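Visitor: Sending over a structure as structure tokens; questions will come in a sec.
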Amino acid sequence: MSTELVSIIIAAAGIIIAAAGAVLGWFFGTRTERATNKQYQLDARSFAASWETDLRAWAFEAINVLSEASERCTGGGSRDKSEALLACRSRLSALIDQGRFFFPNSYHEEVGLHKPEAYRGYRHPILDYLVGACRIIGSEEAIESFGFDDRKSALISLKRSFVSDVQIALKPRLQIREINRLIETSRVETPAKDSPVSKYLLDRIRQKAHSQKRNG
């Protein structure tokens, strides 16, 4: 074998090895990328589900406090300023600050730069309902400024608006449609298909049973 032919074979082998390495690299790289993307999607879904769970818990507590506050009201006047009602106001104040984790202020880099980070900018409209409830509980003037006749009706109206906006944020109708789709999918029964081996064994059993019956 000539030296030239050996060189050609070695060069061809090198090209083949390099090509094989490139193909394998692409294959494993693609698998790794797909696995990474899938894991990222799972992490994102898990985070979204956790965020929605926390948001629901926060909203449930806010609704409970607004309901309790409206029930504590007797119709207006100083009689409404009971300790229990003022306790509702304190809980609402805490819920407002907790809500900033879900609904941060907008324009926080432009407005109110002298304030602490979480309080810069404009407050989210969903939190405005809780802030309004705090003001109505604490001040007779606030009831008139909001255009209501008494504290009870004002709190009920604010609660309904709060529930409506939170519902828009959580999109429960979309989630219910997805849940119904999953339920319907799970109810679809797929006929089981026997493998060739199972069919063969079943035929052998039938033949044996038939033979025993005939001989007996």
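Visitor: Looking only at the stretch 92-102, count how many residues are of a type outside the set (A, V, I, L, M) and either surrounded by 17 or more Cβ atoms within 10 Å (Cβ to Cβ) or over 14 Å from residue 131 (Cα atoms) (or both).
Guide: 3
Visitor: Could you check residue 176 against (1) free of Cβ contacts under 8 Å to residues at least 12 places away in the same chain; (2) farther than 29 Å from residue 86 by Cα; (3) assigned to a loop (DSSP other than H, G, I, E, B) and say which number it fails?
Guide: (3)
Visitor: Considering only the stretch 91-121, how many residues are of a type in the set (D, E, K, R), part of a loop (DSSP other than H, G, I, E, B) and within 22 Å of the chain's Cα centre (by Cα)? Before you say what the answer is, go through the steps one by one.
Guide: Of the stretch 91-121, the ones of a type in the set (D, E, K, R) are 91, 97, 100, 109-110, 115, 117, 120.
Retained after the next criterion (residues that are part of a loop (DSSP other than H, G, I, E, B)): 100, 109-110, 115, 120.
Pick out the ones that are also within 22 Å of the chain's Cα centre (by Cα) and you get 100.
Looking only at that region, the number is 1.
Visitor: So which residues in the stretch 122-151 are open to solvent by 60 Å² or more (accessible area, probe 1.4 Å) and either modelled with pLDDT under 90 or more than 34 Å from the chain's Cα centre (by Cα) (or both)?
Guide: Across the stretch 122-151, the qualifying residues are 140, 141, 144, 145, 146, 147, 149.
Let's see how each residue does on (1) among the basic types (Lys, Arg); (2) within 21 Å of residue 130 (Cα to Cα); (3) open to solvent by less than 80 Å² (accessible area, probe 1.4 Å); (4) at pLDDT below 90:
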site: 37; (1), (2), (3), (4): no, no, yes, yes
site: 47; (1), (2), (3), (4): no, no, no, yes
site: 73; (1), (2), (3), (4): no, yes, yes, yes
site: 76; (1), (2), (3), (4): no, yes, yes, yes
site: 89; (1), (2), (3), (4): yes, yes, no, no
site: 109; (1), (2), (3), (4): no, no, no, yes
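Visitor: Another question about this same structure. Please work out which residue is surrounded by the most Cβ atoms within 10 Å (Cβ to Cβ), limiting yourself to the stretch 152-174 and to residues that are farther than 16 Å from residue 60 by Cα and aliphatic (A, V, I, L, M).
Guide: Within the stretch 152-174, the match that is surrounded by the most Cβ atoms within 10 Å (Cβ to Cβ) is 154.
The values are calculated or read from the model by the stated rules, or taken from the named source; none is laboratory data. Model, not experiment: these values are computed from the prediction. Reconstructed Cβ throughout: ideal geometry from the backbone, glycine too, with neighbour counts over all protein chains shown. When the accessible area is computed, the model is the full protein with side chains, heavy atoms only, and any ligands, DNA or RNA have been set aside. Shrake-Rupley method; radii C 1.70, N 1.55, O 1.52, S 1.80 Å.
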